[in-house]
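Enquirer: Please see the structure below; I have some questions.
The values are calculated or read from the model by the stated rules, or taken from the named source; none is laboratory data. Because the structure is predicted, anything quoted here is derived from the model rather than measured. Counting neighbours? That spans all protein chains shown, and the Cβs are built from the backbone with ideal geometry, glycine included. To get the accessible areas, we keep the full protein, side chains included, count just its heavy atoms, and leave off ligands, DNA and RNA. Shrake-Rupley method; radii C 1.70, N 1.55, O 1.52, S 1.80 Å.
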Amino acid sequence: MSISQSLFDRARVHIPGGVNSPVRAFRSVGGVPRFIARASGARITDVDGVEYVDYVGSWGPMILGHAHPEVIDAVVRAAADGLSFGAPIPGEVELADLLARLVPSLEMVRLTSSGTEATMSALRLARGFTGRDRIIKFGGCYHGHGDSLLVKAGSGALTFGSPDSSGVPACLAELTTVLEYNNTARLEEAFAVIGRDVAAVIIEPVVGNMNLIAPDPVFLKTLRRLCDQYGALLIFDEVMTGFRVALGGAQALYGIQPDLSTFGKVIGGGMPMGAFGGRRDIMEQLAPLGPVYQAGTLSGNPVAVAAGLATLRLLQADGFYAELADKTRRLTDGMAAAAARHGLPFAAQSVGGMFGFYFRHGLPRNYDEVMESDRPRFNRFFHAMLDKGFYFAPSAFEAGFVSAAHTIADIDLTIAQAGDVFASLAAD
Ligand code: HOZ
């Protein structure tokens with residue numbers, strides 16, 4: 001029996017499903033989740049000593065690769081000075097200044113301990129600021145596990161068939177209107193009916209939680225216009241896309257200025273940290289300045305702030321994002337070409353350092369289209385690649401991530417090995 005298997009057996013005694021976050025349980029792909037012992041650069045090593053080229057990157061944060069020496073050094077130095085004070089620190093001021101410079105829509109910003117906290121807080125703030133209760137989200141977008149947002153949600157909620165979570169009060173879910181992603185006509189119709197009741201529209205500007213879905217730029221522009229017209233706030237959930245698809249996030253890539261934005265993952269460089277921020281007049285409604293309450297004992301934690309600052313400094317190197325985007329495109333182009341050689345229904349795309357691949361004809365544009373993917377075929381692909389030493393997300397509905405540490409040789413090896421797997425899938 002593998003060490004992962006015995007740890008998983010033990011884990012299930014005292015941890016629900018044996019995991020502390022659902023998707024990593026491997027339930028939708030079957031088999032035993034690998035328990036990870038260590039990671040370095042583009043590779044992770046499990047407790048049985050097996051090494052994998054990693055395309056999960058802790059679900060996004062590890063954009064520099066694992067255990068980058070400068071980030072580790074910053075963390076070690078911060079930890080030596082104390083782990084948490086529950087009081088202001090110089091680093092959080094530096095981080096706020098840096099965030100405002102890198103993402104110009106962030107006139108003010110507040111740190112949290114996770115992306116979920118950031119989105120929950122941004123929603124409360126939007127409701128407090130506008131005096132309205134209704135929100136709009138899009139089917140298959142996932143914004144963390146806050147009550148108002150677990151309605152037609154993506155990520156684990158979609159993977160395990162519970163996009164509308166049990167335990168969410170019906171009276172709260174009723175305040176969430178769900179529309180189809182990329183459907184501009186439907187958006188216009190909905191605003192014409194409920195626009196004046198809407199506190200905020202929250203959106204993943206590039207979806208990463210129902211696999212990767214790229215936005216139609218006209219859809220995003222229309223959304224901005226309608227929010228302005230009806231006095232609703234536009235919240236970009238950049239937990240995945242922030243500092244990942246471009247230094248300034250998806251808002252820089254698509255040239256749209258949201259009223260509020262939420263962050264997580266890369267911003268903490270692998271430590272638990274999130275943030276939300278935006279227009280000064282809205283952010284000034286937060287306690288202690290205003291009546292909207294939000295707080296956190298570990299918010300602005302010194303070790304997390306040190307990791308975030310070190311990461312964001314390194315991301316500003318010339319050509320960083322162009323190189324990352326090129327490598328990621330090389331992976332998706334190569335995989336699509338390999339699948340085509342074997343006549344498999346398959347499509348792939350990337351945005352910056354994020355990618356998606358789908359066992360279906362053509363790129364999906366929304367939830368219904370992504371659900372047409374051949375899940376059993378994805379599962380066979382996933383396990384065959386895992387056996388060959390390539391670690392992709394254990395779900396057909398999660399985006400993948402390339403880091404600065406992945407080499408062209410890693411990418412080309414992945415494509416070659418995927419080609420062999422496609423050949424065997426085609427022969428089945
Ligand atoms: N919700 C995360 C992916 N979209 C998964 C988090 C995890 O399992 O670590």
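Enquirer: Residue by residue through the stretch 79-89, what is 3J(HN,Hα) from phi via Karplus (6.51 cos²θ - 1.76 cosθ + 1.60, θ = phi - 60°)? Round to whole Hz and write x for glycine and proline.
Expert: Values per residue, Gly and Pro as x: 4, 5, 8, x, 8, 6, 10, x, 8, x, 10 Hz.
Enquirer: Ok, one more. Counting only other residues whose beta carbon sits under 12 Å from that of residue 229, what net charge do I get with K and R as +1, D and E as -1?
Expert: Details: positive: 196, 224, 225; negative: 188, 228.
Local charge sum for residue 229: +1.
Enquirer: In debye, nearest 20, what is the charge dipole magnitude of the chain about its Cα centre with +1 on Lys and Arg Cβ and -1 on Asp and Glu Cβ, if you could check?
Expert: In total the dipole reaches around 320 debye.
Enquirer: Suppose we keep just the DSSP beta bridges with both residues in the chain; what percent of those would be antiparallel, to 5?
Expert: Values: 25 of 44 bridges.
Given both bridge residues lie in the chain, the antiparallel proportion sits at roughly 55 percent.
Enquirer: What distance in nm lies between label points placed 7 Å from Cα along the C-beta direction at residue 230 and residue 281?
Expert: Placing both labels 7 Å beyond Cα along the Cβ direction yields 2.0 nm.
Enquirer: Now a separate question. Cross-link partners among lysines for residue 221, C-alpha distance below 22 Å, same-chain residues fewer than 8 apart left out?
Expert: Correct list for residue 221: 137.
Enquirer: Something else now. Taking 0.36 nm per residue of separation and subtracting the Cα-Cα distance, what length does fully extending residue 193 through residue 67 add? Write out the running numbers ahead of the final one.
Expert: Working: separation 126, 0.36 × 126 = 45.36 nm, distance 5.05 nm.
Result for the pair: 40.3 nm of gain on full extension.
Enquirer: Putting +1 on Lys and Arg Cβ atoms and -1 on Asp and Glu Cβ atoms, find which of 408, 192, 13 reaches farthest to the positive end of the dipole of the chain.
Expert: Looking along the dipole axis, the top candidate is 13.
Enquirer: Which ³J(HN,Hα) values, rounded to whole Hz and listed in residue order, are derived for the stretch 8-21 from phi using the Karplus coefficients 6.51, -1.76 and 1.60 in 6.51 cos²θ - 1.76 cosθ + 1.60 with θ = phi - 60°, glycine and proline given as x?
Expert: Calculated HN-Hα couplings, in order: 5, 4, 5, 4, 5, 5, 10, 10, x, x, x, 9, 9, 7 Hz.
Enquirer: Leaving ligands, DNA and RNA out of it, report the carbon-plus-sulfur percent of the accessible area of the stretch 88-162 at a 1.4 Å probe. Don't skip to the answer; put the middle values down first.
Expert: Working: 1440 of 2710 Å².
About 53 percent, which is the carbon plus sulfur part of the accessible surface.
Enquirer: Could you tell me which of rounded, prolate or oblate describes the stretch 1-118, using a ≥ b ≥ c as the square roots of the eigenvalues of the alpha-carbon gyration tensor, with rounded for a/c under 1.5 and, failing that, prolate when a/b is larger than b/c and oblate otherwise? Intermediate values should be presented prior to the final figure.
Expert: Details: a/c = 2.09, a/b = 1.91, b/c = 1.09.
In terms of gyration-tensor shape, prolate.
Enquirer: Please list, or write none, the lysines whose alpha carbon is within less than 23 Å of the alpha carbon of residue 388, excluding same-chain residues fewer than 8 places away.
Expert: Correct list for residue 388: 327.
Enquirer: Sort 109-117, 184-192, 332-340, 86-94 for me by packing, meaning the mean count of neighbouring Cβ atoms within 10 Å per residue, highest on top.
Expert: Values: 109-117: 23.4, 184-192: 15.0, 332-340: 18.6, 86-94: 13.0.
Sorting 109-117, 184-192, 332-340, 86-94 by mean packing, highest first, produces 109-117, 332-340, 184-192, 86-94.
Enquirer: Got a sec to turn the phi values of the stretch 218-231 into Karplus ³J(HN,Hα) couplings, 6.51 cos²θ - 1.76 cosθ + 1.60 with θ = phi - 60°, whole Hz, x for Gly and Pro?
Expert: After applying 6.51 cos²θ - 1.76 cosθ + 1.60, I find 5, 4, 5, 5, 4, 4, 4, 5, 5, 4, 4, 4, 9, x Hz.
Enquirer: Summing Lys, Arg as +1 and Asp, Glu as -1, what charge do residues with Cβ under 13 Å from the Cβ of residue 301 carry, residue 301 excluded? Before the final figure, lay out the partial values.
Expert: Working: positive: none; negative: 81, 92, 117.
Spelling it out: positives minus negatives among the neighbours equals -3.
Enquirer: Separate question: May I ask you to give the solvent-accessible area per residue for the chain, in square angstrom, as obtained with a 1.4 angstrom probe?
Expert: Details: 16990 Å² over 428 residues.
Ligands and nucleic acids excluded, the figure is 40 Å² per residue.
Enquirer: Please state the shape class of the stretch 54-193: rounded when a/c is under 1.5, otherwise prolate if a/b exceeds b/c and oblate if not, all from the C-alpha gyration tensor. Write down the numbers at each step before the final one.
Expert: Working: a/c = 2.12, a/b = 1.70, b/c = 1.25.
It comes out prolate by the Cα gyration axes.
Enquirer: Going 7 Å from the Cα of residue 257 in the Cα-to-Cβ direction, what parts of the stretch 226-241 have a backbone nitrogen less than 19 Å from that spot?
Expert: The answer is 226-238, whose backbone nitrogens lie closer than 19 Å to the label point.
Enquirer: Looking at 57, 182, 367, which one has the Cα that reaches farthest to the positive end of the dipole of the chain (charges on Cβ: Lys, Arg +1; Asp, Glu -1)?
Expert: Among 57, 182, 367, the one farthest towards the positive end of the dipole of the chain is 367.
Enquirer: What aspartates and glutamates sit close enough to residue 152 to cross-link, taking a C-alpha to C-alpha distance under 13 Å and skipping anything fewer than 8 places away on the same chain?
Expert: The reachable aspartates and glutamates, counting only those whose Cα sits under 13 Å from residue 152, are 164, 174, 180, 368.
Enquirer: Would you please give the residues with an amide H less than 5 Å from that of residue 200, counting only those at least 5 places away or on a separate chain, with H modeled from the backbone geometry?
Expert: Sorted by chain and number, the residues that satisfy this are 136, 233.
Enquirer: Hey, another quick one. Name the long-range amide H neighbours of residue 37: under 5 Å, sequence gap of 5 or more, or other chain; modelled H, no Pro or chain starts.
Expert: Residues meeting the amide H criterion: 45, 46, 47.
Enquirer: Residue separation times 0.36 nm, minus the C-alpha to C-alpha distance between residue 76 and residue 423: what's the value?
Expert: Working: separation 347, 0.36 × 347 = 124.92 nm, distance 4.66 nm.
Taking 0.36 nm per residue and subtracting the Cα distance, the gain is 120.3 nm.
Enquirer: Still on this model: Work from the charge dipole of the stretch 201-281 (Cβ charges, +1 for Lys and Arg, -1 for Asp and Glu, about the Cα centre) and give the residue of 242, 207, 232 farthest towards its positive end.
Expert: 242
Enquirer: Using a 1.4 angstrom probe on heavy atoms only, work out the carbon and sulfur share of the accessible area of the stretch 317-396 in %. It would help to have the intermediate numbers written out before the result.
Expert: On the way: 1530 of 3240 Å².
In the stretch 317-396, the share of accessible area belonging to carbon and sulfur is 47 percent.
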